[in-house]
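*Asks:* Okay, handing you the structure first.
The values are calculated or read from the model by the stated rules, or taken from the named source; none is laboratory data. Keep in mind that this is a model prediction, so the values were computed, not measured. Because the Cβ atoms are built from the backbone with ideal geometry, glycine has one as well, and the counts that use them run over all protein chains shown. Accessible surface is based on the protein model in full, side chains and every heavy atom, while ligands, DNA and RNA are left aside. Shrake-Rupley method; radii C 1.70, N 1.55, O 1.52, S 1.80 Å.
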Amino acid sequence: MNPALAPSETLRLRRPNTRKDPRLDPRSRLDVRTKLLYAAGDIPNAVKQTLAALFGFYFYTSVMGLPASLAGLAAGIGLVWDAVIDPYIGHLSDTSRSRWGRRHAFMLAGALTMGIGFWASFAPPRGMSSTSLFLWLLGTGFLVRTATSVYRVPYFALGAELSRDYDERTSVTAFRGFLAVVGALAAGSLSFLLFFPNRTAGVDPKLDYSGYPAMGLVFGGVMTLLSLVATAGTWRWRHAFSGDGGTGAPPPRRFFAGFAQCLRRPSFRALFASSSLFHLAVSMNAALSIHFLTHYARVTESAALSAFQLAFFLAGLAGVVFWLRVSRVMEKKTLYLLGTVATAAAMLAVFLLVGEGHPLGTGNVRVLLAGHALVGFFGSTLWFVPPTLIADVIDEDELASGERREGSFFGLYSFGQQLATGMAILLTGVLVERFAGLVPGQATQAPATVWRIGLLYAVVPAGLILAAAAAALPYRIGRRETAAIQSKLDQRRAAFS
């Protein structure tokens, strides 16, 4: 027995179960097939986030006529619910003793229900009153967010368990980020072309209700199918680690104690604060994307809007490949900071250069294409770096506590994201109605309203993103620190093997 270990640590130590299949040893390299099957499971998350951000707020305010403040309130309440349940789902997953594994039982349940909820959110009956429409948005929001949380949190926790190697973890998250970009690219570009084609000159096809239920049905089916593919494709990993929890729901005091222990890690606190600020910013930006392009940049053609999505995500794909190679010689924290600062700079540039009376004017499709491509390329670091930073924090926590809490850390991380997103949508709804003065369903808005939409779309989010970069500075776990932690953990595991 290693004298450096306290006796209590021997009771909490969790070891990989690799007796039946040595390929499940997290110290080994993963084959490409496993990475691809696992990565396919993030496409549903990307599809949901992309389409909800692009069309959710616009659909309910401009198509259905729901006041922006009520749309923001419903979405905000739903996202707060999402934020509240994410940490508990992660904790339940960590302590689950299901015969289907700690992660896969939850992933399966979420996969089977997320598509239905997504379709329903874009298929409210026509002619509903504002109150009924508000309740429909609220109810379907609860359904789709609960289902995606039950799937998403254990799914991300599983990714942290697949490898303990510093660079291999980055590779796993890069595969996941790459396919997530593919999913977002398909959803963002094909949605305009397939469901909102330009049929009549001068008529905005996005104001046609009929395209939205069809879009929800098709992409909801895709979400369910691919989440099942990822669940089945990683099925042999379902018992790779043995849990140390009880059989069933843990007592609330244990959950809150674990919650507090996660936040005791300074690097995690820095990442938690930074990520929350970043998601607050990009959620405000995304919620106003179509409003900005329609009223501020004066681009309404579906082909152009689809091309913007294509440029953004194709450049993002190239960025994932490029930055993955760079990550082998550059610290991941540096990549994260680079992505945040570049994104903020791009937002400010759009506000200053594009628009009525600005140097590049309105309707300049080529400039906007280039801008979307630049943001996609530099911002792609933020699609795969944060989860691998959390995986390194989890190792640090295991060294200190003797426990692995992937679900708790990713649940808490998701809590910050969802809470920030909920606050962003709530604030956006109120600000668009009360500050900008947007008139729902009206094709032409007042000049002051247009300018304020630009302000809310670009300047406010850019300031928040720069604050996110500053919040990440205290993160201290780099390549050298991770190697030292891994060496100590390997010694500990060897002592009890």
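*Asks:* Just checking, does region 429-439 include any residue being assigned to a loop (DSSP other than H, G, I, E, B) and touching a residue at least 60 places away in the same chain (Cβ under 8 Å)?
*Replies:* yes
*Asks:* Take the residues in region 415-449 that are over 20 Å from I465 (Cα atoms) and hydroxyl-bearing (S, T, Y); name whichever of them is least open to solvent (accessible area, probe 1.4 Å).
*Replies:* T449
*Asks:* May I ask you to verify whether G463 is open to solvent by less than 30 Å² (accessible area, probe 1.4 Å) and part of a helix (DSSP H, G or I)?
*Replies:* The answer is no for G463.
*Asks:* Any idea which of (1) buried (at least 22 other Cβ atoms within 10 Å of the Cβ); (2) closer than 26 Å to G416 by Cα is the one T61 doesn't satisfy?
*Replies:* Just one mismatch for T61, condition (2).
*Asks:* Okay, next question. What are the residues in region 263-305 that are open to solvent by 20 Å² or more (accessible area, probe 1.4 Å) and outside any helix (DSSP H, G or I), if any?
*Replies:* If the condition is that a residue be open to solvent by 20 Å² or more (accessible area, probe 1.4 Å) and outside any helix (DSSP H, G or I), then R264, R265, R298, T300, E301 are the ones that fit.
*Asks:* Which condition number does R97 fail, the rest of (1) part of a helix (DSSP H, G or I); (2) open to solvent by 20 Å² or more (accessible area, probe 1.4 Å) being met?
*Replies:* (1)
*Asks:* Can you find even one residue in region 468-478 that is more than 22 Å from L348 (Cα to Cα) and without any contact (Cβ under 8 Å) to a residue 24 or more places away in the chain?
*Replies:* No; the residues of region 468-478 include none that is more than 22 Å from L348 (Cα to Cα) and without any contact (Cβ under 8 Å) to a residue 24 or more places away in the chain.
*Asks:* If you check A75, A6, which single one turns out to be buried (at least 24 other Cβ atoms within 10 Å of the Cβ), modelled with pLDDT under 80 and of a type in the set (A, V, I, L, M)? Lay out the reasoning, then the answer.
*Replies:* Numbers: A6 fails: buried (at least 24 other Cβ atoms within 10 Å of the Cβ).
None of the others qualify; the one that does is A75.
*Asks:* A follow-up question, please. Could you count how many residues in region 76-94 are over 20 Å from S283 (Cα atoms) and not β-branched (V, I, T)?
*Replies:* 7
*Asks:* Another question, then. Counting only residues that are crowded, with 20+ Cβ neighbours inside 10 Å and among the β-branched types (V, I, T), how many does region 183-223 have?
*Replies:* The number of residues fulfilling the criteria is 0.
*Asks:* Anything in region 387-403 that is part of a helix (DSSP H, G or I), more than 17 Å from F175 (Cβ to Cβ) and open to solvent by 10 Å² or more (accessible area, probe 1.4 Å)? List them, or say none.
*Replies:* Matches in region 387-403: E396, L399, A400, S401.
*Asks:* Residues that are touching a helix residue (DSSP H, G or I) at 6+ places or on another chain (Cβ under 9 Å), closer than 28 Å to T294 by Cα and either of a type in the set (S, T, N, Q) or at pLDDT below 90 (or both): does region 390-412 have at least one?
*Replies:* Looking for residues that are touching a helix residue (DSSP H, G or I) at 6+ places or on another chain (Cβ under 9 Å), closer than 28 Å to T294 by Cα and either of a type in the set (S, T, N, Q) or at pLDDT below 90 (or both), one finds none in region 390-412, hence no.
*Asks:* Working only within region 306-348, note down all residues that are open to solvent by less than 60 Å² (accessible area, probe 1.4 Å), closer than 22 Å to P197 by Cα and within 22 Å of the chain's Cα centre (by Cα).
*Replies:* Answer for region 306-348, where residues must be open to solvent by less than 60 Å² (accessible area, probe 1.4 Å), closer than 22 Å to P197 by Cα and within 22 Å of the chain's Cα centre (by Cα): S306, F308, Q309, A311, F312, F313.
*Asks:* I'm trying to understand the selection: among the residues of region 431-468, which are of a type outside the set (S, T, N, Q), modelled with pLDDT under 85 and at negative phi?
*Replies:* E433, L438, V439, P440, A443
*Asks:* Looking at region 160-173, which of its residues are buried (at least 24 other Cβ atoms within 10 Å of the Cβ), of a type in the set (G, A, S) and closer than 23 Å to F313 by Cα?
*Replies:* Scanning region 160-173 gives no hits.
Residue-wise test of (1) under 17 Å from V450 (Cα atoms); (2) free of Cβ contacts under 8 Å to residues at least 24 places away in the same chain; (3) in a helix (DSSP H, G or I).
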| residue | (1), (2), (3) |
| --- | --- |
| L317 | no, no, yes |
| V320 | no, no, yes |
| L338 | no, no, yes |
| V341 | no, no, yes |
| M347 | yes, no, yes |
| F351 | yes, no, yes |
| G355 | yes, no, no |
| L360 | yes, yes, no |
| R366 | no, yes, yes |
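*Asks:* Can R23 be described as in a loop (DSSP other than H, G, I, E, B) and either at pLDDT below 80 or farther than 24 Å from F384 by Cβ (or both)?
*Replies:* No.
*Asks:* Quick check on region 469-479: of everything there that is surrounded by fewer than 16 Cβ atoms within 10 Å (Cβ to Cβ) and touching a Pro at 6+ places or on another chain (Cβ under 9 Å), which residue is modelled with the lowest pLDDT?
*Replies:* R476
*Asks:* Failed condition for F156, given (1) among the aromatic types (F, W, Y); (2) open to solvent by 10 Å² or more (accessible area, probe 1.4 Å); (3) over 16 Å from A111 (Cα atoms), with all others met?
*Replies:* (3)
*Asks:* Among the residues of region 194-218, which ones are part of a helix (DSSP H, G or I) and out of contact with any Lys or Arg (no Cβ under 8 Å at 6 or more places or on another chain)?
*Replies:* L194, F195, K206, L207, G211, Y212, P213, A214, M215, G216, L217, V218
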